[in-house]
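K.L.:
Structure provided below as structure tokens; questions to follow.
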Amino acid sequence: MPSLKTPILLIATSALLAGCSSGGFLDRERPDEFAVQRQAPLVVPPDFNLVPPAPGAPRPTEGTASGQALEALFGGPAPRSQVETSAIDRAGAAEPGIRSSVGDPETNTVAKGSVTRDIIAAPEGDGASAQAVIPS
């Protein structure tokens, strides 16, 4: 009887592990859960003289999935508080496209000199020979 337990245990283990496989005849086509988009509810329009949309045209009330995600994450444009407006006015307003122009390869930058370049390029040490000078 003990010799019969081992093959039954091996067959049962193999069957359980076969359910975990992702290839072969057990593989199935699954929908991409990140590509699914929620549809807007059906609404009866107040004006029945509306023209139906063109086939294939996006629905005007829905927008794109990326637009909906941005709206859900960051919300719509919020009015600035008085403190924030005052701080921005004192700091000076930046150009509207400043983030785009900073990353542009044609943007001129200021050279900080060889000392800064040497500090950035210096190899990392263990700190045993580090010294600090406190001016008096």
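Bear in mind that the values in this text are calculations on the coordinates, not laboratory data. Here the structure is a predicted model, which means the values were calculated and not measured.
K.L.:
Quick one: check the C-alpha center-to-center distance for the range 2-18 versus the range 88-123, whole angstrom.
P.N.:
Their Cα centres are 66 Å away from one another.
K.L.:
Full-extension gain between Thr107 and Glu84, please, as 0.36 nm times their residue separation minus the C-alpha to C-alpha distance.
P.N.:
Numbers: separation 23, 0.36 × 23 = 8.28 nm, distance 2.89 nm.
Fully extending the segment from Thr107 to Glu84 adds 5.4 nm.
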